[in-house]
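Remarks on the structure that follows.
The values are calculated or read from the model by the stated rules, or taken from the named source; none is laboratory data. The shown structure was predicted, so the numbers you read here are calculated from the model rather than taken from an experiment. Note: ideal-geometry Cβ built from the backbone for every residue, glycine included; neighbour counts use all protein chains shown.
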Amino acid sequence: MRWLTAGESHGPALVALLEGLPAGLPVDVDAIRAGLVRRWEGYGRGPRARFEQDQLEVLAGLKHGVTLGSPLALRIGNADTRIEELPNLKAPRPGHADLPGMLRLRTRDARAILERASARETTARTALGEVARQLLSQFGIRVQSRILLVGGVDAADEAGWKAAIDRAKEAGDSLGGVFEVTATGCPPGLGGNAQAADRLDARLMAALASIPAVKGVEIGLGFAVGRLPGTQVHDSIVPDPQGWAGLGRGSNRSGGVEGGFTTGQPVVLRAALKPIPTLRHGVESVEMATLKPMRATYERSDVCVIQPAAVIGEALLCLELASALIARAGGVSLAEMRVRTADLGRAEDPRGWPEDLSGLR
């Protein structure tokens with residue numbers, strides 16, 4: 001699959017295009033809307049969450065609620081469309097794309113950069129991810145997320161992290177956190193290793209890293225593998241009558257991916273989200289018109305977005321896994337995909353397989 005988005009934070013709308021869906025997939029548009037609502041939820045959200053309605057419209061790719069196999073096009077209208085009227089930022093915000101973009105374009109027009117760099121764009125990818133989720137569900141693959149840390153406070157301590165957000169809001173500051181996304185039901189062998197870009201672990205980590213403010217991603221044990229011996233890192237292979245081709249794993253330290261391929265175990269990734277860079281308190285910056293020190297310009301913003309970031313992470317995991325599943329199973333229709341995924345060898349006995357590839361002719 002291939003997906004593209006267009007649109008600015010305060011422009012008329014966001015547009016999303018998804019190519020490569022099989023024909024015959026029923027698409028529940030209300031479920032997409034529900035996913036967009038989840039993206040706005042979370043303690044620490046700012047004022048925009050109260051008025052942005054995410055009006056979703058299907059422009060192309062469906063007939064009677066079923067995919068045609070042609071590109072699916074979605075439009076999500078913006079409630080705030082003042083892109084032509086909003087003032088420019090006097091001082092760029094450290095941590096945002098403002099200054100690197102201005103240096104790249106050699107302009108003091110920060111809004112020409114920030115309007116597209118805004119996390120508002122992830123609304124479009126979230127909508128496409130909800131479509132991909134519906135495809136995955138046809139094959140028993142489920143994607144979910146959970147919050148692990150909020151501003152350094154364990155997510156199990158709800159009162160603690162809510163208090164931390166309240167303190168940050170009072171101080172004009174912001175908080176980050178860590179979330180985890182998990183996919184269950186993936187067959188082994190999704191992904192590839194013929195080229196670097198085929199490796200599924202690389203694709204999944206890159207997808208999460210593409211979320212604005214994400215600064216670290218790990219899969220399975222992640223960075224802990226650098227501190228442990230091999231006996232405590234690798235997942236043993238064991239006989240398992242309930243496993244794929246009669247085989248199973250003694251653990252899932254790899255996070256469900258080895259050598260660029262899914263193993264059949266749950267796919268597990270974690271991402272660290274930095275505190276968002278738009279602060280009411282402001283951070284030291286420079287006024288671009290005079291090059292004199294001043295605090296960064298403040299615009300309406302959130303205090304903590306770890307919960308919506310996890311929802312976006314789910315969407316991106318859905319998109320990458322659906323793409324890998326389509327590449328593995330093939331088929332131009334959902335019916336063909338069902339036939340081909342049923343023939344991936346789950347119930348086979350490896351002892352009957354040929355010893356080398358010449359036996360596959």
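Filtered by the rule that a residue be in contact with a Leu (Cβ under 7 Å, 6 or more places away or on another chain) and closer than 18 Å to R146 by Cα, segment 166-204 gives G176, G177, V178, F179, E180, V181, A183, L204.
Taken over segment 275-296, the residue count meeting the criterion of being within 29 Å of the chain's Cα centre (by Cα), buried (at least 19 other Cβ atoms within 10 Å of the Cβ) and under 14 Å from L99 (Cα atoms) is 2.
Residues in segment 114-128 that are among the small types (G, A, S) and in a helix (DSSP H, G or I) were compared, and the one that is nearest to G35 (Cα to Cα) is A127. The listed residues are G46, G65, G35, G69, and the only one of them that is surrounded by 13 or more Cβ atoms within 10 Å (Cβ to Cβ), modelled with pLDDT of 95 or more and over 20 Å from the mean Cα position of the chain (by Cα) turns out to be G69. The condition (being surrounded by 18 or more Cβ atoms within 10 Å (Cβ to Cβ), in contact with a strand residue (DSSP E or B) (Cβ under 6 Å, 6 or more places away or on another chain) and not hydroxyl-bearing (S, T, Y)) is satisfied by just one residue among G151, G101: G151. Residue count for segment 322-347, restricted to those that are crowded, with 16+ Cβ neighbours inside 10 Å and either in contact with a strand residue (DSSP E or B) (Cβ under 6 Å, 6 or more places away or on another chain) or closer than 22 Å to L247 by Cα (or both): 6.
Could you check, for segment 171-182, whether at least one of its residues is under 21 Å from L319 (Cβ atoms), surrounded by fewer than 21 Cβ atoms within 10 Å (Cβ to Cβ) and either modelled with pLDDT of 95 or more or of a type in the set (F, W, Y) (or both)? Yes, some residue in segment 171-182 is under 21 Å from L319 (Cβ atoms), surrounded by fewer than 21 Cβ atoms within 10 Å (Cβ to Cβ) and either modelled with pLDDT of 95 or more or of a type in the set (F, W, Y) (or both). Residues that are surrounded by fewer than 22 Cβ atoms within 10 Å (Cβ to Cβ), farther than 17 Å from T278 by Cα and small (G, A, S) within segment 104-141 comprise S137, G140, listed in sequence order. Give segment 2-32 a look and list any residue that's surrounded by fewer than 19 Cβ atoms within 10 Å (Cβ to Cβ), under 19 Å from the mean Cα position of the chain (by Cα) and over 30 Å from A110 (Cβ atoms), or say none. Of everything in segment 2-32, those that are surrounded by fewer than 19 Cβ atoms within 10 Å (Cβ to Cβ), under 19 Å from the mean Cα position of the chain (by Cα) and over 30 Å from A110 (Cβ atoms) turn out to be R2, E19, G20, A31. Residues in segment 219-259 that are crowded, with 19+ Cβ neighbours inside 10 Å and under 30 Å from A117 (Cα atoms): I219, G220. Residue pairs whose Cβ atoms lie under 7 Å apart, separated by 6 or more positions or on different chains, with the first residue in segment 162-184 and without any contact (Cβ under 8 Å) to a residue 40 or more places away in the chain and the second surrounded by 14 or more Cβ atoms within 10 Å (Cβ to Cβ), are A164/V150; A164/G151; A164/V153; A164/L175. For segment 142-180, a tally of residues being in contact with a Phe, Trp or Tyr (Cβ under 9 Å, 6 or more places away or on another chain), closer than 15 Å to I276 by Cα and β-branched (V, I, T) returns 2. Among the conditions (1) assigned to a strand (DSSP E or B); (2) among the aliphatic types (A, V, I, L, M); (3) under 26 Å from the mean Cα position of the chain (by Cα), L317 misses just one, which is (1). Testing E85 on (1) surrounded by fewer than 18 Cβ atoms within 10 Å (Cβ to Cβ); (2) of a type outside the set (V, I, T); (3) within 20 Å of the chain's Cα centre (by Cα), one condition comes back false. Which one is that? The one condition E85 does not meet is (3).
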